[in-house]
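> Take a look at the following structure, please.
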Amino acid sequence: MKNFIDLRSDTVTKPTPAMRKAMAEAEVGDDVFGEDPTVNALQEKVARILGKEAAIFVPSGTMANQLAIKSHTQPGDEVIIEGTSHPYNFEGGASAALSGVQFYCLKGVRGILEASQIEEAIRPDDHHFPITKLICLENTHNRGGGAIYPIEKIVKIHRLAKSKGLSLHMDGARLWNASVATGIKPAEYAQWADSVSVCLSKGLGAPIGSMVTGSKIFIDRVHRFRKMFGGGMRQVGVIAAAGIYALDHHIERLKEDHQNAKRLALGLKEFKGVSINPEHVETNIIIFSTADAGMTAAQVTEAMKKEGVLIHAFGKTQIRLVTHLDVSSEDIEKALKAFKKVFR
Ligand code: TLP
């Protein structure tokens, strides 16, 4: 949407001129034959960054999560997951349809679960029950307002999973944000999970693309299912080049998105009727409630659009804002002026 300040998601970024140049100049081959040198370079790079044996390029974060779930489970298995997680809420029921698994949903605090909650949810070895096979975590947590999974909680969940013979998948669509905000390297997070998915097309600004990482054997299995799901692509180096460019140039700058998100949250807090805790804004996502302003999220969204700012209504009175590469600090000040008018 031209000339709008777009705070709906960090998925809306457009490739920069330098990224487009890298894409145009990419060497390509047929990736279904494993012959695309740019895809191979990207896969090796991401595996190295996450400290995993292997990585595979896939079209979307949804496919990354679904391939991981499919590769870890058998039909009828149970997957322990947080109730506001992405795979449970925003992937079209894919895990039921494509993997035949059921979710055991737990209530987290801003998306974050405790190992003790998970322990209680693990099924006993009894033929009445489904077989618990997998635990899924989301770092950062989207519906949790970009909440960072504290690493000590991840370690505890990892120990629990290993002691019970379960696999652990981390949806790291925004793991880069967690890493930049905490200084904890992506590989330090990734070492505690059997598989980690990451997105190149959110905060990092690539137009398309996600990765699944894990052991060589696991990624071979993902590769087979990627073909089955129709995710094998041909001369896809043109897109992989954008991912390589993003990893080289757009990770450190996520700090700016986090500062912009904090500024936005602190500004919003000043408006009567806005319920927000700026301390909860740890990365690039802001969630606030309009209930006390006597306005629905849809009304606020409509009014903001008239002011040239796009935002995302998340439920009846909840709004989500996401900062990213294509939103400057000046845009944040403009958005705050628009909110001021709307909440006056
Ligand atoms: N999330 C999108 C929407 O689907 C809600 C967004 O705008 O934030 N994991 C997480 C944690 C995500 O937030 C998303 C995208 C995905 C996976 C899926 O990625 P894509 O959109 O590439 O399939």
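Each reported figure results from applying straightforward, stated rules to the coordinates on display, with no laboratory input. All figures in this text were calculated on a predicted structure; none of them were measured in a lab. Glycine gets a Cβ as well: all are built from the backbone with ideal geometry, and neighbour counts include every protein chain shown.
> What ranking of ASP331, ASP292, ASP194, ASP326 emerges when the number of other C-beta atoms within 10 Å of each C-beta is taken as an exposure proxy, fewest first? Could you put the intermediate results ahead of the total?
On the way: ASP331 19, ASP292 11, ASP194 23, ASP326 14.
Sorted ascending by nearby Cβ count, the order is ASP292, ASP326, ASP331, ASP194.
> Roughly what % antiparallel, to the nearest 5, for the DSSP beta bridges in the chain? Intermediate results must be reported in sequence, preceding the final value.
Details: 19 of 38 bridges.
Antiparallel: roughly 50 percent of the beta bridges in the chain.
> Restricting the count to DSSP beta bridges whose residues both fall in the stretch 72-142, what percent are antiparallel, rounded to a multiple of 5?
On the way: 1 of 9 bridges.
If I count the DSSP bridges inside the stretch 72-142, around 10 percent turn out antiparallel.
> Whole-Hz ³J(HN,Hα) for each residue in the stretch 35-47, computed from phi via Karplus 6.51 cos²θ - 1.76 cosθ + 1.60 with θ = phi - 60°, x for glycine and proline: what do you get?
10, 8, x, 6, 5, 4, 5, 5, 4, 5, 5, 5, 4
> A further question follows. Name the residue, out of ILE286, ILE151, ILE112, whose mean-square fluctuation peaks in a Gaussian network model built on the chain with Cα pairs under 10 Å.
Result for the chain, Cα springs under 10 Å: ILE151 fluctuates most.
> State the Kirkwood hydrodynamic radius of the stretch 129-251 in Å, one decimal place, computed from all pairs of distinct Cα atoms.
15.6
> Check THR84: other-chain or 5+ apart residues with amide H under 5 Å from its amide H, H built from backbone geometry?
The answer is GLY108.
> How much length is gained if the chain between GLU35 and ASP292 is pulled fully straight, taking 0.36 nm per residue apart and subtracting their Cα-Cα distance, in nm to one decimal? All intermediate terms of the calculation are to be shown ahead of the outcome.
Working: separation 257, 0.36 × 257 = 92.52 nm, distance 5.71 nm.
Result for the pair: 86.8 nm of gain on full extension.
> Further question on the same structure: So if each residue of separation counts as 0.36 nm, and I subtract the Cα-Cα distance between ALA24 and LYS2, what length gain in nm does that give? Present the calculation step by step, with values, prior to reporting the outcome.
Numbers: separation 22, 0.36 × 22 = 7.92 nm, distance 2.37 nm.
Net length gain for the segment: 5.5 nm.
> Count neighbours as other Cβ atoms within 10 Å of each site's Cβ, and list the trypsin sites (Lys or Arg not before Pro) in the stretch 22-128 that are DSSP loop with at most 16 such neighbours.
Answer in residue order: LYS107.
> Same structure, new question: Which residues does a label at LYS185 reach in the stretch 25-57, if reach means a backbone N under 18 Å from a point 7 Å past the Cα toward the Cβ?
What the label zone holds, given the 18 Å backbone N cut-off, is 44-55.
> Here's something else I'd like to know. Between the stretch 56-118 and the stretch 266-293, how many Å separate their Cα centres?
Distance between centres, Cα-based: 28 Å.
> A follow-up question, please. At a 10 Å Cβ-Cβ cut-off, how would you order PHE218, PHE343, fewest neighbours first?
Details: PHE218 21, PHE343 17.
Starting with the residue having the fewest Cβ neighbours, the order is PHE343, PHE218.
> Using modelled backbone amide H atoms (1.01 Å from N, in-plane), which distant-in-sequence or interchain residues come within less than 5 Å of GLY145's amide H?
Excluding prolines and chain starts, which carry no amide H, there are no hits.
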